[in-house]
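Structure first, then comments.
The values are calculated or read from the model by the stated rules, or taken from the named source; none is laboratory data. Computed from a predicted structure; not experimentally measured. Cβ atoms come from the backbone with ideal geometry, glycine included; neighbour counts cover every protein chain shown.
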Amino acid sequence: MSPRTTKTATRARDRRRSASVLEQRAAQPLARTGSTDGRGERIGVRKTYKLYIGGAFPRTESGRAYEVFGAKGELLANASRGTRKDVREAVRAARKAQPGWASKTAYNRSQILYRIAELMEGRRDQFVAEVMAAEGVGRARAGRLVDASIDRWVWYAGWADKYPQLIGTVNPVAGSYFNFSVPEPTGVVGVIAPEASSLLGLVSRLAPVIVSGNAAVVIASESRPLPAVTLTEVLATSDVPGGVVNLVTGLRRELIGHLAGHMDVNALDAFGADPGEAAALEEAAVENVKRFVRPPRGGLEKYRWTDEAAQSPYLIGEFVEIKTVWHPIGA
Amino acid sequence: MTLTKKNETRPATASWGLAAGEHPWEYAPAPEATDHVRIEPEYGLFIGNEFTRSKPRRTFTVINPATEEPLAKVAHASKADVDRAVGAASEAHRSVWSKLPGRERAKYLYRIARILQERSREFAVVESMNSGKPIKESRDVDVPLAAAHFFYYAGWADKLEYAYPNRDPRSLGVAAQVIPWNFPLLMLAWKIAPALAAGNTVVLKPASTTPLTAYLFADVVRQADLPPGVVNIITGPGEIGMELVTHPDVRKVAFTGSTAVGKMIARALAGTDKKVTLELGGKAANIVFDDAPLDQAIEGIVNGIYFNQGEVCCAGSRLFVQESVYEPLIDKLKARLSTLRVGDPLDKNTDVGAINSAGQLAKVTELVESGIEEGAEIFQPDCQLPDRGFFFVPTLFTGVSQSHRIAQEEIFGPVLSVLTFRTPEEAIEKANNTPYGLSAGVWTEKGSRIFKMVNAMRAGVVWANTFNRFDPTSPFGGYKESGYGREGGIHGLGAYLDLSGNGR
């Protein structure tokens with residue numbers, strides 16, 4: 001990293017440090033959602049929140065964890081504190097999976113995305129409980145957020161075999177050539193999940209990335225990673241091939257710079273990044289000329305994920321390449 | 001394998017019946033007249049429809065690369081001049097251009113297209129004098145395509161809401177545009193036409209070796225009676241380009257040039273909200289299968305790498321030949337190379353003109369030397385180069401391996417590296433084995449194979465059974481480190497529009 005990058009990164013880190021979950025250490029029992037702890041007769045079976053890489057759920061290679069707290073300060077779980085090496089493994093898995101995913105028919109990808117929605121619907125209560133715990137919202141609000149997340153998969157599922165007709169063209173060149181332009185997935189796309197919107201924010205950014213045939217490496221929300229991990233359990237059982245979506249949880253400052261600078265990542269969606277950390281990410285992304293989506297000016301604080309505007313076929317277009325093909329016309 | 005020896009023992013017969021090195025006739029010189037062209041002794045910066053001296057007054061000399069004679073002095077812009085130019089563009093955007101209805105902007109652009117057509121010969125001659133490219137290329141490719149580009153985007157100016165329905169397309173503001181020396185006028189058109197159609201104003205910096213057609217274009221701007229400040233042109237070295245793109249009042253940056261400089265610009269713009277498009281280097285694979293029509297492929301290969309002296313970002317600089325046709329193809333290619341006429345760019349018979357600058361010639365020479373040192377086999381036809389000027393003999397290397405510098409680095413000169421393959425899968429693997437991804441070529445008669453290859457190429461433009469074709473309606477731009485964004489077609493328009501829906 002250049003000196004300038006380091007300086008900017010340090011500034012961003014200082015800003016974040018005050019809010020770091022590490023500061024909130026307190027001796028508490030884990031109060032996990034959905035568990036029956038404390039009801040007397042039966043000791044609940046807790047879930048271990050792991051990474052999702054190449055279709056498997058490995059622990060971080062570091063063997064470390066960090067504590068995840070609910071909106072009311074209760075300790076929810078230990079999440080994996082992923083490392084640079086985990087990010088590298090995730091990129092390798094994504095690279096391996098991407099050509100197969102892209103070569104599936106659009107109809108097939110469409111059905112698989114729809115299948116994600118089907119399985120989320122079945123686990124709706126679990127998502128609602130996790131979103132309530134993570135975001136500190138009431139049951140009704142959490143329900144709306146989960147419903148919007150499910151509907152978003154349905155919406156993007158429908159685009160798989162339609163967006164190329166919107167973005168592709170046949171070009172009337174002045175000559176005896178047949179000439180057309182088609183969109184193709186960019187390849188491996190890094191996604192920095194929004195920090196606050198633990199489920200809907202993530203789904204809103206992830207769906208348009210993978211619908212076209214990209215593979216994704218997601219850095220989860222640091223403070224609210226649990227709904228994302230549960231989402232990967234849905235992905236693992238929705239016929240999404242292993243490696244198409246990979247999720248690394250951990251301290252974002254330890255991860256996002258490596259993802260941005262990784263030479264085998266083709267694009268980075270930094271929409272969910274803190275505007276303060278975005279410049280350093282964009283600089284790191286230049287090394288292999290990544291396509292880079294910036295966070296909105298002023299950050300995501302006022303961004304309404306439930307709005308229609310948070311979904312768009314043009315968002316799919318941010319992570320595709322336009323390929324133009326020429327062939328002569330003749331006998 | 002000693003290739004020259006082979007030619008002696010088994011003369012290759014090209015389709016027109018000539019052996020390598022055989023010239024049945026000599027061409028008489030056919031120089032294009034230059035007496036109707038007026039090049040001023042000195043050009044100032046074009047700001048607010050006036051030519052003004054740089055402050056402080058500084059100039060540098062522009063030469064003809066074919067003769068090394070000076071052509072003109074041009075102003076060396078300072079940081080203050082960049083400020084002035086951006087100020088003029090900003091004011092023109094605010095007070096005039098952004099308020100003008102699209103249908104009126106369209107008419108200005110149509111005017112520019114028409115004037116370029118009317119003055120086409122003048123532009124072709126100046127382009128060849130300044131860049132070193134053969135007159136038949138500037139006359140038949142660069143200038144007509146530049147005019148066509150303005151004509152095409154003129155029609156979009158009043159149809160933006162049809163290009164982006166429900167997105168409230170708006171202009172961005174001042175576009176800073178930095179272009180290279182290989183297609184000076186054409187790159188100007190690729191940049192300025194969509195920018196103006198979308199309602200932006202521009203400050204353009206041509207390459208420091210090739211500013212003359214840009215300053216001639218300034219005269220077109222005045223003839224078209226464009227409002228002052230809509231098009232501004234400044235000249236200077238790379239640092240001035242950097243000042244321009246980083247200027248705080250610039251809202252859009254478009255750069256065409258090397259990947260190294262593109263990365264510098266992208267780093268400098270990180271963290272801003274400027275919209276950026278980059279069209280960078282390339283190392284295109286041109287893949288010939290054994291069922292390809294060989295004579296047609298030979299012409300495509302030659303056009304792919306020797307067009308514009310190979311100074312083309314999308315040049316077909318890596319030739320992949322299926323092993324079963326390697327020998328006949330190479331023999332034919334060598335025979336064809338021997339008929340290329342290298343020399344005076346203004347001669348209408350010239351196929352390969354002058355390299356644009358001494359610096360570029362040195363770079364080409366150095367890379368060719370590295371090819372020899374790394375063990376590739378060089379072939380150059382017998383050919384008499386002019387005594388003066390920056391010329392380089394059309395060159396091909398055989399026995400090239402993937403790791404050679406001449407197979408990896410962009411040479412930007414008339415140098416072809418030939419490699420071989422056996423299966424389509426091997427061709428795909430080798431062709432994509434580069435950080436670049438601008439263009440590719442495929443030669444085969446089998447339709448299903450064309451589409452297999454087209455799908456597999458990680459490149460923004462794929463020419464099948466043709467090469468180096470361009471059109472304003474056809475999007476152009478790269479994958480991977482060849483940049484991002486597209487120029488041409490509806491895709492090239494979006495790069496100049498604010499589609500956020502927020503206005504500004």
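Could you please give the count of residues in region B:473-504 that are outside any helix (DSSP H, G or I), surrounded by 21 or more Cβ atoms within 10 Å (Cβ to Cβ), within 8 Å of chain A (Cβ to nearest Cβ) and not small (G, A, S)?
Looking only at that region, the number is 5.
Could you check region A:213-231 and list, in sequence order, the residues that are surrounded by fewer than 24 Cβ atoms within 10 Å (Cβ to Cβ) and either within 14 Å of chain B (Cβ to nearest Cβ) or hydroxyl-bearing (S, T, Y) (or both)?
The answer is A:S223, A:T230.
For region B:153-210, which positions are among the small types (G, A, S) and in contact with a strand residue (DSSP E or B) (Cβ under 6 Å, 6 or more places away or on another chain)?
Within region B:153-210, B:G173, B:A175, B:A176, B:A195, B:A198, B:G199 qualify.
What are the residues in region B:374-409 that are farther than 26 Å from B:E323 by Cβ and not basic (K, R), if any?
B:D382, B:C383, B:Q384, B:L385, B:P386, B:D387, B:G389, B:F390, B:F391, B:F392, B:V393
Among the listed residues A:V240, A:V182, A:V229, A:V244, which satisfies the condition of being in contact with a Phe, Trp or Tyr (Cβ under 6 Å, 6 or more places away or on another chain) and closer than 26 Å to B:K480 by Cβ? It would help to see each step written out before you state the result.
Values: A:V240 fails: in contact with a Phe, Trp or Tyr (Cβ under 6 Å, 6 or more places away or on another chain); A:V182 fails: in contact with a Phe, Trp or Tyr (Cβ under 6 Å, 6 or more places away or on another chain); A:V229 fails: closer than 26 Å to B:K480 by Cβ.
The conditions single out A:V244.
Quick check: anything in region B:352-374 farther than 30 Å from B:T67 by Cα and among the acidic types (D, E)?
Yes, region B:352-374 has at least one match.
A:R64 - would you say it is buried (at least 17 other Cβ atoms within 10 Å of the Cβ) and of a type in the set (K, R)?
No.
Assigned by TED's automatic domain parsing to the domain that holds B:E299 and surrounded by fewer than 22 Cβ atoms within 10 Å (Cβ to Cβ), is that true of B:R341? If you could, list the steps in order and put the result at the bottom.
Numbers: assigned by TED's automatic domain parsing to the domain that holds B:E299: yes; surrounded by fewer than 22 Cβ atoms within 10 Å (Cβ to Cβ): yes.
Yes.
Which of the residues spanning region B:87-119 are within 30 Å of B:T350 (Cα to Cα) and either among the basic types (K, R) or surrounded by fewer than 18 Cβ atoms within 10 Å (Cβ to Cβ) (or both)?
B:R114, B:Q117, B:E118, B:R119
Those residues that are closer than 30 Å to B:G353 by Cα and either of a type in the set (S, T, N, Q) or modelled with pLDDT under 95 (or both), I need them from region B:413-453; list them, please.
Scanning region B:413-453 gives B:S417, B:T420, B:T434, B:S439.
Only one of these conditions is not met by B:S482: (1) touching a residue at least 40 places away in the same chain (Cβ under 8 Å); (2) over 17 Å from B:A431 (Cα atoms). Which number is it?
The single condition B:S482 does not satisfy is (2).
Have a look at A:V289, A:V325 and point out the one that is facing chain B (nearest Cβ under 7 Å), under 24 Å from B:T259 (Cβ atoms) and without any contact (Cβ under 8 Å) to a residue 12 or more places away in the chain. Walk me through how you get there before you give the answer.
Values: A:V325 fails: without any contact (Cβ under 8 Å) to a residue 12 or more places away in the chain.
The conditions single out A:V289.
Can you tell me which residue in region B:147-183 is surrounded by the most Cβ atoms within 10 Å (Cβ to Cβ), limited to those that are farther than 16 Å from B:A197 by Cβ and away from every other protein chain (no Cβ under 13 Å)?
Only one residue tops the list, namely B:A176.
Give me the residue from region B:235-294 that is part of a loop (DSSP other than H, G, I, E, B), of a type in the set (S, T, N, Q) and within 13 Å of chain A (Cβ to nearest Cβ) and, out of that set, farthest from the chain's Cα centre (by Cα). Steps first, please.
Step one: filter region B:235-294 for residues part of a loop (DSSP other than H, G, I, E, B), giving B:235-237, B:247-249, B:257-258, B:270-274, B:280-284, B:289-293.
Keeping just the survivors that are of a type in the set (S, T, N, Q) gives B:235, B:258, B:272.
If we keep only those that are within 13 Å of chain A (Cβ to nearest Cβ) as well, we get B:258, B:272.
Working: B:S258: 11, B:T272: 28 Å.
This residue is B:T272.
Please go through region B:45-67 and give me each residue that is surrounded by 12 or more Cβ atoms within 10 Å (Cβ to Cβ), out of contact with any Gly (no Cβ under 6 Å at 6 or more places or on another chain) and under 30 Å from B:D347 (Cα atoms), ordered by number.
B:F60, B:V62, B:I63, B:N64
Are any residues in region B:450-471 at the interface with chain A (Cβ under 8 Å from one of its Cβ atoms) and under 16 Å from the mean Cα position of the chain (by Cα), and if so, which ones?
If the condition is that a residue be at the interface with chain A (Cβ under 8 Å from one of its Cβ atoms) and under 16 Å from the mean Cα position of the chain (by Cα), then B:G460, B:V461, B:R469, B:D471 are the ones that fit.
Could you run through region B:369-423 and say how many residues are under 28 Å from B:A260 (Cα atoms) and assigned to a loop (DSSP other than H, G, I, E, B)?
Going through region B:369-423 one residue at a time, the tally reaches 20.
Return yes or no: is A:A279 within 8 Å of another protein chain (Cβ to nearest Cβ), in contact (Cβ under 8 Å) with a residue 60 or more places away in the chain and hydrophobic (A, V, I, L, M, F, W, C)? Full working, then the answer.
On the way: within 8 Å of another protein chain (Cβ to nearest Cβ): yes; in contact (Cβ under 8 Å) with a residue 60 or more places away in the chain: yes; hydrophobic (A, V, I, L, M, F, W, C): yes.
The answer is yes for A:A279.
Going through region B:264-291 one residue at a time, which ones are free of Cβ contacts under 8 Å to residues at least 40 places away in the same chain and not assigned by TED's automatic domain parsing to the domain that holds B:G316? Working first, answer last.
Step one: of region B:264-291, the residues free of Cβ contacts under 8 Å to residues at least 40 places away in the same chain are B:264, B:266-274, B:290.
B:M264, B:A266, B:R267, B:A268, B:L269, B:A270, B:G271, B:T272, B:D273, B:K274, listed by residue number.
Would you confirm, using the coordinates I've provided, whether B:R388 is farther than 29 Å from B:T339 by Cα, over 21 Å from the mean Cα position of the chain (by Cα), more than 12 Å from chain A (Cβ to nearest Cβ) and modelled with pLDDT of 95 or more?
no
I'd like to check which helices (runs of 4 or more DSSP H) are fully inside region A:132-212 and have at least 1 residues that are out of contact with any Asp or Glu (no Cβ under 9 Å at 6 or more places or on another chain) and within 14 Å of chain B (Cβ to nearest Cβ).
Per the criteria, A:163-167.
Keeping to region B:300-317, report how many residues are more than 24 Å from B:L361 (Cα to Cα) and in contact with a Lys or Arg (Cβ under 8 Å, 6 or more places away or on another chain).
Count: 0.
Return yes or no: is B:V364 of a type in the set (V, I, T), in contact with an Asp or Glu (Cβ under 7 Å, 6 or more places away or on another chain) and either in a helix (DSSP H, G or I) or modelled with pLDDT under 95 (or both)?
Against the criterion (of a type in the set (V, I, T), in contact with an Asp or Glu (Cβ under 7 Å, 6 or more places away or on another chain) and either in a helix (DSSP H, G or I) or modelled with pLDDT under 95 (or both)), B:V364 does not qualify.
Identify the single condition in (1) within 11 Å of another protein chain (Cβ to nearest Cβ); (2) over 15 Å from B:G271 (Cα atoms); (3) not small (G, A, S) that A:R252 does not satisfy, given that it satisfies every other one.
(1)
With (1) over 25 Å from A:A65 (Cα atoms); (2) surrounded by 24 or more Cβ atoms within 10 Å (Cβ to Cβ); (3) out of contact with any helix residue (DSSP H, G or I) (no Cβ under 8 Å at 6 or more places or on another chain); (4) not β-branched (V, I, T) as the list, and A:A140 as the residue in question, which single condition is left unmet?
Result: A:A140 fails condition (2) only.
Quick one: A:P99 ticks every box in (1) within 21 Å of A:L202 (Cα to Cα); (2) assigned to a helix (DSSP H, G or I) bar one, so which box is it?
Result: A:P99 passes all but (1).
Being over 21 Å from the mean Cα position of the chain (by Cα) and buried (at least 24 other Cβ atoms within 10 Å of the Cβ), is that true of even one residue in region A:180-190?
Yes: region A:180-190 contains one or more residues that are over 21 Å from the mean Cα position of the chain (by Cα) and buried (at least 24 other Cβ atoms within 10 Å of the Cβ).
Being more than 17 Å from B:A154 (Cα to Cα), not in a helix (DSSP H, G or I) and not β-branched (V, I, T) is the filter here; which residues of region B:181-229 pass it?
Hits for region B:181-229 are B:W181, B:N182, B:F183, B:L204, B:K205, B:P206, B:A207, B:S208, B:P211, B:P228, B:G229.
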